[in-house]
Amino acid sequence: MEQRNPTLRSVGWLWFGIAVAVLVVGFRQAIFLTPTDAAQGDAGRIFYYHVPTAMLSLIFPYLNFAASLAYLFWRTRDPLKALSADAFALASAEVAVVYASITLITGSIWGRVAWGIWWTWDARLTSMLLLWLLYVSYLMLRRFSATGQSQTLAAVLSVFAAVDVPIVYMSIRWWRTQHPAPVFGGGPNSGMDKSMLPAFFWNLAAWAIWGIFILIFRFALQRRRQFAEQEAALQAIEASLEIPQ
Amino acid sequence: MTYLHHVLDHLRKDLRLEWRSRDSINGMLFFALLVVVVFGLAFDPAGYPTTTRQISGGVLWVALLFASITALNLSWARELRNQVLEAQRMAPAPASALFVGKALANMLFVLVVEAFLAPIFIVFFNLHVLGNVWLLALILPLGTWALVVNGTFFAALGLRARNRELLLPLLLLPISLPALLAMVQATTGVLTADLDAIQINTWIKQLVGYDIIFTTICILLFETVLNAE
């Protein structure tokens with residue numbers, strides 16, 4: 001079993017503290033300090049949660065893809081490094097799904113207030129939903145596949161998903177732009193008022209710090225599970241050697 | 001040249017197996033027919049010809065998609081009996097030849113199903129195609145290959161999973177959604193003649209691009225999946 005490193009532990013607690021502190025500042029900025037949006041009222045404040053999580057949910061799949069490629073590269077060359085790459089791939093896929101879910105839910109709440117409907121098949125909404133579906137199917141594969149294979153198969157699926165994401169994005173843009181202009185306006189108003197900037201950036205920073213925290217926390221958990229499995233396998237081998245022939 | 005021989009050998013073997021049992025084609029054909037009947041009952045296609053034209057592209061592809069999923073699992077399950085797959089892994093032939101041969105065989109099976117299903121579909125849905133029918137001869141094979149190449153790959157990927165019948169659609173559908181979008185849009189465009197030629201052309205080009213990209217990845221990664229332990 002890996003020794004628990006006290007320094008890393010205190011760094012982890014410190015990081016957690018910073019994440020909570022910045023989240024609190026971001027909340028104060030977004031809810032109390034920023035002036036109410038003239039067009040949208042208080043419902044517009046969900047913007048400060050929706051947009052940062054949406055931006056971050058597009059970053060975690062890249063981490064997953066990179067870790068999966070690293071896993072496929074190290075699989076036969078250096079199995080121990082490959083295991084840690086796999087743990088990282090799993091952690092980043094889970095965080096990606098969490099952030100994409102938050103984006104979809106907050107966007108849906110905003111849509112209900114601003115548009116009067118929970119969902120529309122607009123280009124951005126659809127591509128975000130497909131991104132979410134791809135990474136949920138990645139997690140399903142990890143759950144269903146036979147032990148011993150699941151890391152390799154998941155890494156292969158991650159390559160497929162990463163190739164699929166740009167295709168999804170382009171084809172859906174093409175699908176929607178050939179229709180008449182969307183009923184509810186193309187996207188967010190281009191550019192942001194200066195009074196919105198502090199709340200936006202505080203929240204972006206807060207969610208980034210928080211995302212990195214849960215990513216590493218999940219990674220450490222998965223590493224510990226892997227070590228426990230190795231330990232169990234080793235003990236089983238040793239026990240089988242002790243049986244008198 | 002030897003690679004091509006290996007592919008042809010695998011293809012011949014799969015075709016002979018299918019010819020002797022005819023499990024896949026019969027199963028797919030009946031399944032697709034049932035899906036078409038269910039949609040026919042739901043929508044009353046004879047009463048509303050315009051609506052029928054608009055939805056029938058989607059209905060046709062949904063029927064084919066679900067039907068091919070039932071057959072794709074079967075095509076690899078055949079290799080499990082008597083440890084045939086283990087023998088394939090030890091064979092000196094390139095692993096991807098096995099994959100390409102099987103994907104081509106599955107493609108032929110689905111094309112046979114389409115050839116039987118298309119007239120039935122037109123009769124049941126009372127379809128009068130408004131666009132250029134011959135374009136469908138291009139769209140159907142391209143769309144079928146997009147489904148079959150990824151489907152064959154993911155069926156192999158989920159072969160040893162706990163419940164592979166459930167896993168295949170869960171993996172195949174999200175990856176195939178852009179291809180499904182392209183083939184449904186192109187087919188509907190031909191049926192209704194709502195889209196002009198340039199738009200249909202672009203959808204077909206997207207399908208071609210999707211086919212090329214995913215065929216390449218499947219061939220590159222198949223050996224990894226076959227030997228994943």
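Remarks
- Filter result for the condition that a residue is under 21 Å from A:Val163 (Cα atoms) and more than 18 Å from the chain's Cα centre (by Cα), over B:Leu177, B:Leu226, B:Leu157, B:Leu195: B:Leu226
- Given (1) surrounded by 23 or more Cβ atoms within 10 Å (Cβ to Cβ); (2) touching a Pro at 6+ places or on another chain (Cβ under 7 Å), index of the condition B:Gly143 fails: (2)
- Looking only at region A:147-159, and only at residues there that are open to solvent by less than 30 Å² (accessible area, probe 1.4 Å) and without any contact (Cβ under 8 Å) to a residue 60 or more places away in the chain, the one that is farthest from the other protein chains (Cβ to nearest Cβ): A:Ser150
- If the condition is being at pLDDT 80 or above and part of a loop (DSSP other than H, G, I, E, B), then region A:37-64 contributes A:Leu58, A:Ile59.
- B:Ala155 being in a loop (DSSP other than H, G, I, E, B), within 14 Å of chain A (Cβ to nearest Cβ) and buried (at least 16 other Cβ atoms within 10 Å of the Cβ): no
- Top-ranked residue of region B:86-98 - restricted to ones that are touching a residue at least 24 places away in the same chain (Cβ under 8 Å) and not in a loop (DSSP other than H, G, I, E, B), ranked as farthest from B:Leu11 (Cα to Cα): B:Arg89
- Looking across region A:112-128, the residues that are open to solvent by 40 Å² or more (accessible area, probe 1.4 Å) and either within 22 Å of the chain's Cα centre (by Cα) or under 25 Å from A:Val163 (Cβ atoms) (or both) come down to A:Trp119, A:Trp121, A:Arg124.
- Matching residues in region B:49-80 - criterion: being within 15 Å of B:Ala146 (Cα to Cα) and surrounded by fewer than 18 Cβ atoms within 10 Å (Cβ to Cβ): B:Val62, B:Phe66
- In region A:47-83, residue farthest from the other protein chains (Cβ to nearest Cβ) [restricted to those that are buried (at least 18 other Cβ atoms within 10 Å of the Cβ) and hydroxyl-bearing (Ser, Thr, Tyr)]: A:Tyr48
- Residue that is surrounded by the most Cβ atoms within 10 Å (Cβ to Cβ), among those in region B:168-202 that are among the β-branched types (Val, Ile, Thr) and without any contact (Cβ under 8 Å) to a residue 12 or more places away in the chain: B:Thr202
- B:Leu220 more than 7 Å from chain A (Cβ to nearest Cβ) and either under 21 Å from B:Phe66 (Cα atoms) or open to solvent by less than 10 Å² (accessible area, probe 1.4 Å) (or both): no
The values are calculated or read from the model by the stated rules, or taken from the named source; none is laboratory data. All values reported here derive from a predicted model rather than from experimental measurement. For neighbour counting, all protein chains shown are included, and Cβ atoms are generated from backbone atoms with ideal geometry for every residue, glycine included. Accessible surface areas use protein heavy atoms only, side chains included; no ligands, DNA or RNA. Shrake-Rupley method; radii C 1.70, N 1.55, O 1.52, S 1.80 Å.
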